[in-house]
Amino acid sequence: MIVAILGTGIMGAPMARNVAAAGHEVRAWNRSAERAAPLSEQGVTVVESPQEAVAGADVVVTMLSDGEAVESVMDGLELPRGSVWAQMSTVGVDATARLSAMARVPFVDAPVLGTRAPAEQGKLIVLASGDPAARERCAPVFDAVGARIVDLGDEPDASTRMKLVLNAWLLALIEGLSESIALADGLGVEPAKFLEIIDGGPIGPPYAKIKGEMMIERNYEPSFTLALAAKDAGLALAAAEAAGLELPALRAIRDQLERGVEQGHGDEDMAAAVEAIRPR
């Protein structure tokens with residue numbers, strides 16, 4: 001297959017490498033060309049424009065920061081007849097509706113669950129919904145980047161809605177972990193001992209150990225940035241409001257994440273959420 005990947009950031013770059021490693025011809029484009037350049041040494045053809053990337057493509061993948069970025073790149077782009085658009089960014093319900101409406105080829109809603117390490121290992125969870133034939137066309141790409149593909153049916157935004165639910169859970173875990181680590185520091189108990197006690201038990205998911213150790217070491221090499229986490233919290237809140245729901249905990253979490261961004265931690269890993277709690 002010929003696969004175009006638009007967006008080669010923390011997630012898009014390893015996805016492009018894995019699709020190329022699976023034997024497909026990959027053309028990659030990124031707004032900041034220097035971020036895409038290393039892919040040229042890893043079996044990926046790096047091009048200068050989105051239109052050059054999609055020429056002759058069987059599957060076009062968008063993996064960009066938000067709905068506005070996806071819309072600006074795809075607006076006016078001529079996709080080849082017979083191609084499929086796999087929209088794999090997390091953009092929210094409203095943006096997904098706009099993007100699927102503007103699609104001139106079959107559209108697959110396929111946001112992914114995972115961060116840098118799973119992306120590099122080809123072990124993302126791909127949530128896929130939309131036209132059944134189009135989903136089948138995308139299957140080789142999804143197999144290359146994911147350890148698990150979850151079929152969520154034919155509705156064009158079903159995957160986005162599920163991704164918002166998953167993100168709400170994940171962000172609650174990150175904020176709860178941040179507050180527990182900060183409380184341990186404040187009470188003069190060893191945060192590492194807290195992680196040791198919960199590790200492997202029913203209240204200690206593996207993710208808590210990974211992010212908790214980052215918080216203790218204050219090592220925030222980004223696998224998923226705090227700014228993107230705050231963005232995702234806002235998308236979930238917008239969807240909740242449209243559904244007539246008030247989610248006070250998620251609203252407080254969004255505000256706390258944004259506080260961390262305002263303090264200069266936006267480009268760091270979302271584990272830096274703890275810095276918005278620690279005394280300055």
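Where a number appears in this text, it was derived from the coordinates with a stated rule and is not lab data. These numbers come from a predicted model, not from an experiment. Every residue, glycine as well, gets a Cβ built from its backbone with ideal geometry; the counts of neighbours run over all protein chains shown.
Its relative contact order, with pairs defined as Cα atoms under 8 Å and 6+ residues apart, puts the range 50-141 at 25 percent.
Could you work out [θ]222 nm for the chain from helices alone, using -39500 (n - 2.57) per DSSP H run of at least four and dividing by all its residues? Round to the nearest 500 deg cm²/dmol.
Values: 12 runs with 137 residues, N = 280.
Calculated mean residue ellipticity at 222 nm is -15000 deg cm²/dmol.
At full extension, Glu41 and Ala242 could sit 67.8 nm farther apart than now, given 0.36 nm per residue minus the alpha carbon distance.
Between Val165 and Val189, how high is the FRET efficiency from 1/(1 + (r/R0)^6) when r is the Cβ-Cβ distance and R₀ = 35 Å? Nearest 0.05.
0.55
Subtracting the Cα-Cα distance from 0.36 nm times the residue separation, let me have the gained length for Ala101 to Met1 in nm, one decimal. Intermediate values should be presented prior to the final figure.
Working: separation 100, 0.36 × 100 = 36.00 nm, distance 2.55 nm.
Going from the current span to full extension adds 33.4 nm.
On full extension, the segment bounded by Glu179 and Glu78 gains 31.6 nm, given 0.36 nm per residue less the C-alpha separation. Taking the DSSP bridge list for the chain and keeping only pairs wholly inside it, about 15 percent are antiparallel. Computed from backbone phi, the HN-Hα couplings of the range 81-94 come to 4, x, 7, 10, 9, 9, 8, 10, 6, 9, 10, x, 5, 4 Hz, rounded to whole numbers (Karplus: 6.51 cos²θ - 1.76 cosθ + 1.60, θ = phi - 60°; Gly and Pro given as x). Between the amide H of Val46 and those of Ala28, distances stay under 5 Å, these residues lying 5 or more places away or on another chain, with hydrogens modeled in the peptide plane.
Take the Cα of Arg259, go 7 Å toward its beta carbon, and the backbone nitrogen atoms of the range 145-178 under 19 Å from that spot belong to 171-178.
Computed over the chain, relative contact order equals 14 percent, with contacts defined as Cα pairs under 8 Å that lie 6+ residues apart.
What does the charge dipole of the chain about its Cα centre add up to, to the nearest 20 debye, if the Cβ of each Lys and Arg holds +1 and the Cβ of each Asp and Glu holds -1?
Working: 24 positive and 40 negative charges, 52 e Å.
That gives a dipole near 260 debye.
Treat every Asp and Glu Cβ in the range 192-280 as -1 and every Lys and Arg Cβ as +1, leave all other atoms uncharged, and give the resulting dipole magnitude about the Cα centre to the nearest 20 debye. If you can, show how the numbers build up before the last one.
Working: 10 positive and 15 negative charges, 44 e Å.
That gives the range 192-280 a dipole magnitude of about 220 debye.
Remark: the range 156-162, residue by residue, has Karplus-estimated 3J(HN,Hα) of x, 10, 4, 5, 4, 5, 5 Hz, where x stands for each Gly or Pro and the curve is 6.51 cos²θ - 1.76 cosθ + 1.60 at θ = phi - 60°. Loop-resident trypsin sites (Lys or Arg not before Pro) (DSSP state other than H, G, I, E or B) in the range 48-108 with no more than 15 further Cβ atoms inside 10 Å of their Cβ: Arg81, Arg104. Phi-derived couplings, Karplus 6.51 cos²θ - 1.76 cosθ + 1.60 at θ = phi - 60°, listed residue by residue for the range 185-197: 4, x, 8, x, 10, 7, x, 5, 5, 4, 5, 5, 5 Hz, with x used for Gly and Pro.
Comparing Val61, Val126, Val150 in a Gaussian network model of the chain, where Cα atoms under 10 Å apart are tied by springs, the biggest mean-square fluctuation is seen for Val150.
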